[in-house]
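Everything on this sheet refers to the single structure shown next.
Each reported figure results from applying straightforward, stated rules to the coordinates on display, with no laboratory input. Worth saying up front: this structure is predicted, and the values here are computed from it rather than measured. Heads up, the Cβs are rebuilt from the backbone with ideal geometry, glycines too, and the neighbour counts pull from every protein chain shown.
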Amino acid sequence: MSAPEVRICRWKPGIAPRGPRIGFVDVLVPAWGVIIHDMRVLRADGAVWCERNGRNVARHGEAPMFRPILSFTDGIAWKAFHDAVVEALVTAHPEILSAGREVLREAPASLSAPSLRSETENSHAVQ
């Protein structure tokens, strides 16, 4: 699947990065006429990836549980979109990479904290 053209509208580095999160990015998808706000950008061990934003559906006092705001029909569509976003971000803001490091296309499983996981994380069904 080919990825849609994406443009970085805004890069907002984190003031005090928490864990692997280094900031947020707003992404324009011209073909869709859509701007996706505040996608999380993460980096660890020199690798960079992004995550879809979500809405916290946990009740008061419970651990955070996020439901995705944006879903894709399948994992291939998400990966194509994700790769396009990461490539556009790194092209526009190469300072987010350490010299000679790789750009990840998916978050390493070892770094996916439960608080960032969604109750529908493995489901790519259109919401």
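Structural remarks
- In region 1-69, chymotrypsin sites (Phe, Trp or Tyr not before Pro) in a DSSP loop with at most 13 other beta-carbon atoms within 10 Å: 32
- Net length available on complete extension from residue 67 to residue 97 is 7.9 nm, with 0.36 nm assigned per residue and the Cα-Cα distance removed.
- Per-peptide packing, taken as the mean over residues of other Cβ atoms within 10 Å, places 86-97, 37-48 in the sequence 37-48, 86-97 from highest down.
- Ranking of 26, 74, 83 by count of other Cβ atoms within 10 Å, fewest first: 74, 26, 83
- Estimated at 0.36 nm per residue, the fully extended path between residue 21 and residue 60 surpasses their Cα-Cα distance by 11.7 nm.
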